[in-house]
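**Student:** My structure is below; once you've seen it, I'll send some questions.
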Amino acid sequence: MSKRKIYVYLLLFSIILAISMIGGILVGSVGITQSLIFDVLFYKLGFTNNVFASNAQQIIIWEIRTPRVILAAIVGAALAICGAAVQALVKNSIADPYILGVSSGASVGATAVILLGMFSFLGVYALSFAAFVGAIIAVSLVFLLARVNGRTSVIRLLLAGIAISMVFSAVTNFILMMSKEQGGIQAVMHWMLGSLAGAKWSNLVIPSIVLVVVFILLWSNYRQLNALLLGEETANTMGINVEYFRIFIIITVSLLTGVVVAVSGSIGFVGLVVPHIVRMAVGSNYKVVLPFSALLGAIFIVWADVGARVFIAPEEMPIGILTALCGGPFFIWMLRRQRYTFGEGD
């Protein structure tokens, strides 16, 4: 694909994302006219000095729907680029960011807060903090188990990720089994399936900063990511310190995944499906794959969240159910269509 086409498509995807985010703000359980929504947005953004919407309508539009749509875009972009990076790391086309144990670790933290009341002194931030700490602990354990004789093995990394995920999942299930609080159990299950209902402006700062930083770091190392796809030996001959670069990917991906999972819960299949669709469309060059994955992932989650709010209204469906319903069939189709290998077998 020529550079001109790439820029045109990036602009097109950016416009689609902007339209999707506006559409996400327009949709909600409370009926508000489009003119009032644009009236509030223009007023809050400083384009106008007067607003005709009531205080309640301003709160719904600016304090509830707008941060929720922005968080959806951040989460989708983050999970998609993390998925693309992890697939290069393990040289496996069916890997996703949760393979490092992030989801299961975060689930233990969230369950401990909801059912056991841990970190209650942190107030509304207790859940996000505990989920992030759980994710980082799980990833750290996976990394330590995979590192033998000063070297990180890809296969050990995958196996350690599976083992740690199973252990942490068992801990979560044990806490759920021992709990007598039906409301708390339901809250944990809802969080584990993913939800953006808790989005606030204050929750957007850290995920957005980490997303920008990690995206720049990964994109500036796209040549190394391309080299990893060719195999460890090839990457070494190109002068890349593969061991150091693997650690770099693990740290950056774990940090970004842990941050977004802490505020959104476990939303599966985004990091698995989106990079595949992008590769089929624009090729495997990570200079192109990463920005397209970020845009497509953001669009996907924005509309998935709209569906989660609409399909069983006035109730809300966990967004992870919708992403699984979309990603599962695609995953099966991919398994039937493609032959894939399992890294370099180190």
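**Student:** Evaluate E = 1/(1 + (r/R0)^6) for LYS5 and TYR244, where r is the Cβ-Cβ distance and R0 equals 22 Å; express this FRET efficiency to the nearest 0.05.
**Tutor:** With a Förster radius of 22 Å, E is 0.05.
**Student:** Can you compute the charge dipole magnitude of the chain about its Cα centre, using +1 on each Lys and Arg Cβ and -1 on each Asp and Glu Cβ, nothing else charged? Give it in debye, rounded to the nearest 20. It would help to have the intermediate numbers written out before the result.
**Tutor:** Details: 20 positive and 12 negative charges, 148 e Å.
Computed charge dipole of the chain: roughly 700 debye.
**Student:** Among the lysines, which fall within straight-line cross-link reach of LYS180, defined as a Cα-Cα distance under 21 Å, with same-chain neighbours fewer than 8 residues apart omitted?
**Tutor:** Leaving aside lysines fewer than 8 places away in the same chain, none come within reach of LYS180.
**Student:** Hey, another quick one. Might you report the magnitude of the Cβ-based charge dipole of the range 128-243 about its Cα centre, with Lys and Arg at +1 and Asp and Glu at -1, to the nearest 20 debye? Before the final figure, lay out each step's value.
**Tutor:** Numbers: 6 positive and 4 negative charges, 28 e Å.
Approximately 140 debye in magnitude.
**Student:** What is the pair-distance distribution P(r) of the range 21-115, computed from all Cα-Cα distances in 5 Å bins starting at 0, with each bin given as a whole percent?
**Tutor:** Pairs per bin, as whole percents: 2, 12, 16, 13, 11, 10, 11, 10, 9, 4, 1.
**Student:** While we're looking at this one, here's another question. Please work out the Kirkwood hydrodynamic radius for the chain, using every pair of different C-alpha atoms, and report it in angstroms with one decimal place.
**Tutor:** Final number for the Kirkwood radius of the chain is 21.0 Å.
**Student:** So the label point goes 7 Å from the Cα of GLN186 along Cα→C-beta, right? Which residues of the range 295-335 then have their backbone N under 19 Å from it?
**Tutor:** Under 19 Å, as judged by backbone N against the label point of GLN186, lie 309-321 of the range 295-335.
**Student:** Mark the label point 7 Å from the Cα of LYS287 along Cα→Cβ and return the residues of the range 229-266 whose backbone N is within less than 17 Å of it.
**Tutor:** Residues 229-230 qualify, since their backbone N sits under 17 Å from the label point.
**Student:** With r as the distance between the Cβ atoms of THR237 and PHE129 and R0 = 45 Å, compute the FRET efficiency 1/(1 + (r/R0)^6) and round to 0.05.
**Tutor:** In this case the efficiency is close to 0.55.
**Student:** Among VAL274, GLY117, SER169, whose Cα lies farthest out toward the positive end of the dipole of the chain, if unit charges sit on the beta carbon of Lys, Arg (+1) and Asp, Glu (-1)?
**Tutor:** VAL274
**Student:** Got a sec? Charge dipole of the chain, +1 on Cβ for Lys and Arg, -1 for Asp and Glu; which of SER107, LEU217, THR33 is way out at the positive end?
**Tutor:** Highest projection toward the positive end goes to LEU217.
**Student:** Cross-link candidates for LYS44: which aspartates and glutamates have Cα within less than 12 Å, leaving aside residues fewer than 8 places away along the same chain?
**Tutor:** Counting by Cα, and skipping residues close in sequence, LYS44 has these aspartates and glutamates nearby: GLU63.
**Student:** What residue among VAL8, ALA199, PHE330 has its Cα farthest toward the positive end of the dipole of the chain, where the charges are +1 on Lys, Arg and -1 on Asp, Glu, each on the Cβ?
**Tutor:** With unit charges placed on the Cβ atoms, the residue in question is VAL8.
**Student:** Report D for the range 167-240 in µm² per second (integer): Stokes-Einstein, Kirkwood Rh on Cα pairs, 10 °C, 1.306 mPa s.
**Tutor:** It comes out at roughly 95 µm²/s.
**Student:** Please compute the modelled spin-label separation between VAL30 and PHE311, points set 7 Å along Cα→Cβ, answer in nm with one decimal.
**Tutor:** 2.5
**Student:** Now a separate question. Run the helix sum for the chain: -39,500 (n - 2.57) per DSSP H stretch of 4+ residues, divided by residue count, reported at 222 nm to the nearest 500 deg cm²/dmol.
**Tutor:** Values: 15 runs with 250 residues, N = 346.
Taking each H run of at least 4 residues, the total per residue is -24000 deg cm²/dmol.
**Student:** In the chain, which longest range has no trypsin sites (Lys or Arg not before Pro) that are both DSSP loop (not H, G, I, E or B) and surrounded by at most 10 other Cβ atoms within 10 Å? Spell out each step's value before the answer.
**Tutor:** Numbers: sites that count: LYS180, ARG339.
It runs 1-179.
**Student:** Hey, rough spin-label estimate for MET280 and ALA197, points 7 angstrom out along Cα→Cβ, what's it come to in nanometres?
**Tutor:** 3.3
**Student:** So how much slack lies between PHE47 and LEU335, counting 0.36 nm per residue of separation and subtracting their Cα-Cα distance, in nm?
**Tutor:** That works out to 98.7 nm of additional length.
**Student:** Once you charge only the Cβ atoms, +1 for Lys and Arg and -1 for Asp and Glu, what is the size of the charge dipole of the range 7-153 about its Cα centre, to the nearest 20 debye?
**Tutor:** Charge dipole of the range 7-153: 360 debye, to the nearest 20.
**Student:** Using alpha carbons only, how many degrees (0 to 90, rounded to 10) separate the axis of helix 102-116 from the longest principal axis of the chain?
**Tutor:** For helix 102-116, the angle is close to 50 degrees.
Where a number appears in this text, it was derived from the coordinates with a stated rule and is not lab data. Computed from a predicted structure; not experimentally measured. Cβ sites come from the backbone with ideal geometry, for glycine too, and all protein chains shown count toward neighbours.
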